[in-house]
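The values are calculated or read from the model by the stated rules, or taken from the named source; none is laboratory data. Everything numeric in this text was worked out from a predicted model, so none of it was measured. Neighbour counts are summed over all protein chains in view; Cβ atoms, including those assigned to glycine, are modelled from backbone coordinates with ideal geometry. To get the accessible areas, we keep the full protein, side chains included, count just its heavy atoms, and leave off ligands, DNA and RNA. Shrake-Rupley method; radii C 1.70, N 1.55, O 1.52, S 1.80 Å.
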Amino acid sequence: PSEARRTYAGQRLSAGLPGLSVAGGAVRPSLRAGLVLTEVRISHAQKLVAVLDPVHIRPELLSLFQDRTAYAFSGSLSGGDLSGRVEIDSTGPAPRAQLDARISGIRIQEVEGLRGLYGSRLSGRLDGTLTHTAETGALNGKFTITEGQVELAAPVFAQSRFTFRTVDADLVWQNQSLLLRNGRLKGNELDADLSGSIALDQPQAAGALNLTGRVTPHHAFLTRAEGSLPPGLLRRRAAIPFRISGPLDAPGVSLN
């Protein structure tokens, strides 16, 4: 019964990814007890975020006879790997899920939801962890991007491309909002710290973006951007506070 198996697997994976929906393509039994799904599509608000192909799901056999059923999963995503464990508690009126997952070697330029994001192009290697518990209802992530690059649709301070050696961030997704904590960027043109929130349920709203931080431009970047920066900023020796606000498709940047 492939249709029933595909639906069941999608529901189990969706339970550990609040706010996201998971749908699989073809499904078949694996040699070990479990299933193999192809073209597993993760979406948010009917917009495709990522495609995993294939995905292996294997139950922990002893847990099938208990109230808390556990499944191990692994899959390929955008040139990298995703693996982890989902535990489903069926004792209450609705299933409650706990998720622990790890991602490694993801090429973010190949992630569907990040391609051409608001006219910009992103690239780099993404590694990190994901956790979700039913008690908080939040999806938590710790991520690192190495050898990252951003090509902007519109130049900022006469610079259309920024490269970063490392980007580290703690993210929390809850109630259709993305909270950014402890964002740290180490780049060739500048270093920055960043935190704040992004409302994903109202991307066109004036308050969808609310991010603040401090940026430390490198000397070479200041030299190139001298004609587009206020003279007062060029004389600063400390980090420069900034704010990003407005709708997602037309953010505004202000320097203090």
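Quick rundown of the values:
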| quantity | calculated |
| --- | --- |
| Label assignment, semi-axes √(5λ) of the Cα gyration tensor in Å derived from the structure, set [x] 40, 18, 16; [y] 27, 27, 14; [z] 38, 23, 16 | [x] |
| Two-decimal log10 I(q)/I(0) for the range 21-159, as the Debye equation yields it once each C-alpha is a single scatterer, q = 0.09, 0.12 Å⁻¹ | -0.34, -0.58 |
| Cα Rg over Rh - the range 117-256, Kirkwood | 0.98 |
| Within the accessible area of the chain (1.4 Å probe), percent carbon and sulfur | 54 percent |
| Principal-axis tilt of helix 2-15 within the chain, Cα atoms, nearest 10 degrees | 50 degrees |
| Loop GluC sites (Glu not before Pro), the range 73-146, which have at most 15 other Cβ atoms in a 10 Å radius of their Cβ (DSSP) | GLU135 |
| Accessible area in the full protein assembly, largest first, 1.4 Å probe, for GLU3, GLU147 | GLU147, GLU3 |
| Surface per residue (accessible, 1.4 Å probe) for the chain, Å² | 55 Å² |
